[in-house]
1. Q83 versus V126, label points 7 Å from Cα toward the beta carbon: distance in nm?
2. How far apart, in nm, are the 7 Å Cα→Cβ label points at T64 and D52?
3. Just how far, in whole angstrom, is the stretch 30-82 from the stretch 108-146 if you go by their alpha carbon centroids?
4. Quick one: net charge around E35, please, counting Lys, Arg +1 and Asp, Glu -1 for every other residue with C-beta under 13 Å from its C-beta.
5. Step by step: find N for the chain, compute 2.2 N^0.38 Å, then divide the Cα radius of gyration by it. What's the final number?
6. Summing Lys, Arg as +1 and Asp, Glu as -1, what charge do residues with Cβ under 13 Å from the Cβ of R98 carry, R98 excluded?
Amino acid sequence: MTDLRIEQVDGDAMLRDWQHVHNAIIPTAALSLDEVRERVERNRLEVAYLGDVLVGCSTVRPPTSEASVATVIARVLPAHRRQGFGGALYGRGLAQARKLGADVIETVVLESNPEGLRFAQAQGFVEVERYLLPGDSVRFIDLRLA
């Protein structure tokens, strides 16, 4: 994993890489490039590469003035799972969330991603809620770090 490189999204190529990983893992809530551009303005988005190969991405939704809750999401493409990349992305995201003042850390996983759910639970997250967004057929699972 010495060739793993995690970088904050900067420029259209990285926006498209982040979008690709997001949409591959969350196909029921696929984002357009314009939606990703909007997200990068309010969230910290990063992409992970093994050498020059895209392996994953992450999102940190920072705490707000109303609540010291941050959301940290690590996504790894299926071909690259179980190699420590998710842990590296999650660790960076958690550190960033704490640096931004978060006292509570949450994450969200698509119900159709059992590997993602097991990963979150292995990091110490516990399920808070399952919900279906209007028009969706697969539920999302909100989890909170215990």
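1. Between Q83 and V126, the simple spin-label model gives 3.5 nm.
2. 4.3 nm
3. 16 Å
4. Net charge around E35: +1.
5. Compactness ratio reported: 0.98.
6. Numbers: positive: R44, R92, K99; negative: D103.
Net of charged neighbours comes to +2.
Every number in this text was worked out from the coordinates using simple rules, so none of it is lab data. Just so it is clear, the model here is predicted, and its values are computed rather than measured. Quick reminder, even Gly has a Cβ in these numbers, built from the backbone with ideal geometry, and neighbours come from all protein chains shown.
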